[in-house]
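Let me begin by presenting the structure, written as structure tokens, before commenting on it.
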Amino acid sequence: MVISGTTISGGADAADEAAQRLRLGQVVAVPTETVYGLAADATNANAVASIFAIKGRPQNNPLITHVLSIGDARRLTGAWPESAEILAAAFWPGPLTMVLSSAGQVAAAVSAGLPTIGVRVPSHPMMRAILAKSELPLAAPSANQSGHVSPTTPRHVLADLNGCIDLIVDGGPCAIGIESTVAGFHGEQPVIFRPGIITAEDIDQALRRAGVNLSPTPIFVAAESNTLPSPGMLSRHYAPDRPTYLFLRSAMHQLVNLFTSTSRSERMGVISFGSLPDRLLNAEVITLPADLYHATGGLYSAMRQLDRPEISAIFIELPGGDQLSAAGIGADTEPKDHHITRLSGMARVLADRLSRAALPWPKVRP
């Protein structure tokens with residue numbers, strides 16, 4: 001299918017075409033199990049520069065390089081800590097990126113000028129076919145305009161990049177639906193730059209099973225930093241164009257009061273994890289599963305579904321409300337970014353993404 005010069009194509013022929021284009025230095029949108037990526041030959045400086053130009057991506061935001069095997073990852077990296085070996089064996093192929101010292105095999109822009117490289121072995125069959133056929137390491141951030149909600153279907157890619165690229169490879173909806181976990185290492189000590197569906201708890205368990213008693217530590221970097229060690233660390237990211245706010249389930253009265261005070265001509269969008277206890281007037285509500293592992297696959301699609309002109313604002317439930325209540329955060333407390341540090345598991349993962357998409361809580365009109 002061709003739409004305004006951009007072709008959406010699936011099947012074995014699409015993998016062949018994508019591989020051919022990538023070898024010629026072109027940029028192609030490809031499916032992964034996490035989100036759709038905007039791929040180019042990681043060793044081709046001009047091709048990598050095209051990724052940044054198409055996305056409007058800041059030059060200080062490094063890219064993830066996708067490879068077919070652990071052996072391929074080793075060839076692109078320098079030091080390989082024992083912790084990295086354990087995590088690669090436990091989670092690859094899969095949604096884990098590891099930031100390691102670079103062997104200097106890829107274009108400098110891939111690493112944003114840093115002496116490190118983020119590498120991942122994806123599990124999506126189509127992406128693996130493209131890697132095998134192209135025989136290239138592929139730099140591939142999300143296939144969208146920088147800062148916008150990541151795409152999980154070919155149509156999402158088209159909405160952001162129609163006419164900017166020639167080919168979108170259709171691999172179906174992404175099964176996971178959020179970006180990979182990004183882990184780095186201070187010596188043997190694992191650190192988490194970006195949480196993902198492979199949680200800190202999962203990493204901790206994998207290390208302990210292998211006899212390594214090193215719990216991963218989350219790393220926070222100021223958005224104003226000139227050097228970002230990992231993708232996904234910008235303070236404003238994964239964001240719809242519509243104004244977006246978070247709310248606590250325990251503070252539903254705030255949301256009800258806000259909706260009651262707004263004009264009847266305004267239509268709001270709401271995303272919740274499980275059904276809400278109160279009816280919201282003049283709202284389009286999307287209910288995702290209360291089981292957050294199953295909710296991830298639909299979150300970005302829900303955000304994009306509500307991100308349209310007739311929706312005045314989007315309100316998204318901050319997951320993990322039970323954990324926040326246990327920490328003493330009550331119903332009258334507005335959602336704040338620092339609450340994320342009190343969360344664990346998938347609640348922390350989704351709260352990390354949503355906090356970067358959200359604006360300060362709006363004031364209720366008198």
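Panel note: the C-alpha atoms of region 2-218, placed on their principal axes, show extents of 54, 31, 30 Å (largest first). Here each label is just a point 7 Å from Cα along the line to Cβ, and for V256 and R155 those points are 3.5 nm apart.
Packing order of peptides 176-183, 24-31, highest average first: 176-183, 24-31 (average count of other Cβ atoms within 10 Å over each peptide's residues). The Cα atoms of the chain define a convex hull whose projected area, averaged across directions, is 18.0 nm². Local charge for A12 was computed over the other residues whose Cβ lies under 14 Å away, with Lys and Arg +1 and Asp and Glu -1, and equals -2.
Measuring between their Cα centroids, region 58-132 and region 232-253 lie 30 Å from each other. Please give the residues of region 180-202, grouped as numeric ranges, whose backbone N is less than 15 Å from a label point set 7 Å along the Cα-to-Cβ vector of R209. Residues passing the 15 Å test: 198-202.
Consider all pairwise Cα distances in region 93-133 and report the whole-number % of them above 13 Å. Tail of the P(r) past 13 Å holds 58 percent of the pairs.
Highest GNM mean-square fluctuation among V212, V121, V110, for the chain modelled with Cα contacts below 10 Å: V212.
Sorted largest first, the principal axis extents computed over the alpha-carbon atoms of region 244-357 equal 39, 30, 23 Å. Across the options M303, S344, P360, the greatest Cα extent toward the positive end of the charge dipole of the chain (unit charges at beta carbon of Lys, Arg, Asp, Glu) belongs to P360. Would you mind telling me which residue in R155, R264, R242 has the biggest mean-square fluctuation in a Gaussian network model of the chain, where springs connect alpha carbons within a distance under 10 angstrom? So, out of R155, R264, R242, the one fluctuating most is R264. Extent of region 1-114 along its three principal axes (Cα atoms, max minus min coordinate, largest first): 48, 30, 21 Å.
Taking N as the residue count of region 32-99, its C-alpha radius of gyration divided by 2.2 N^0.38 Å amounts to 1.23. Each listed q (0.13, 0.14, 0.22 Å⁻¹) maps to a log10 I(q)/I(0) for region 156-280, found by the Debye formula over equal Cα scatterers with no solvent: -0.90, -0.99, -1.23. Normalising the average separation of contacting C-alpha pairs (under 8 angstrom, six or more residues apart) by the number of residues puts the relative contact order of region 2-218 at 30 percent.
Here the contact order of the chain, divided by its residue count and restricted to Cα pairs under 8 Å and six or more residues apart, works out to 18 percent.
Once C-alpha pairs closer than 8 Å and six or more residues apart are averaged by separation and normalised to the residue number of region 244-357, the relative contact order reads 36 percent.
Neighbours of D322, meaning other residues whose beta-carbon lies under 15 angstrom from its beta-carbon, give a summed charge of +1 when Lys and Arg score +1 and Asp and Glu score -1.
Positive contributions from Lys and Arg (+1) and negative ones from Asp and Glu (-1), summed over other residues with Cβ under 14 Å from the Cβ of G274, come out at -3. Put in order of Cβ neighbour count within 10 Å, fewest first, the listed residues H66, H156 become H156, H66. Against the compact-protein benchmark of 2.2 N^0.38 Å, the Cα-based radius of gyration of region 141-191 scales to 1.50. Between M346, M252, M126, the Gaussian network model of the chain with springs among Cα atoms under 10 angstrom shows the greatest mean-square fluctuation at M252.
We did not get these values from a lab; they are worked out from the coordinates using the rules stated. Bear in mind that the values here come from a model prediction, so they are computed numbers and not experimental data. Note that each Cβ is placed from the backbone with ideal geometry, even for glycine, and that neighbours are counted across all protein chains shown.
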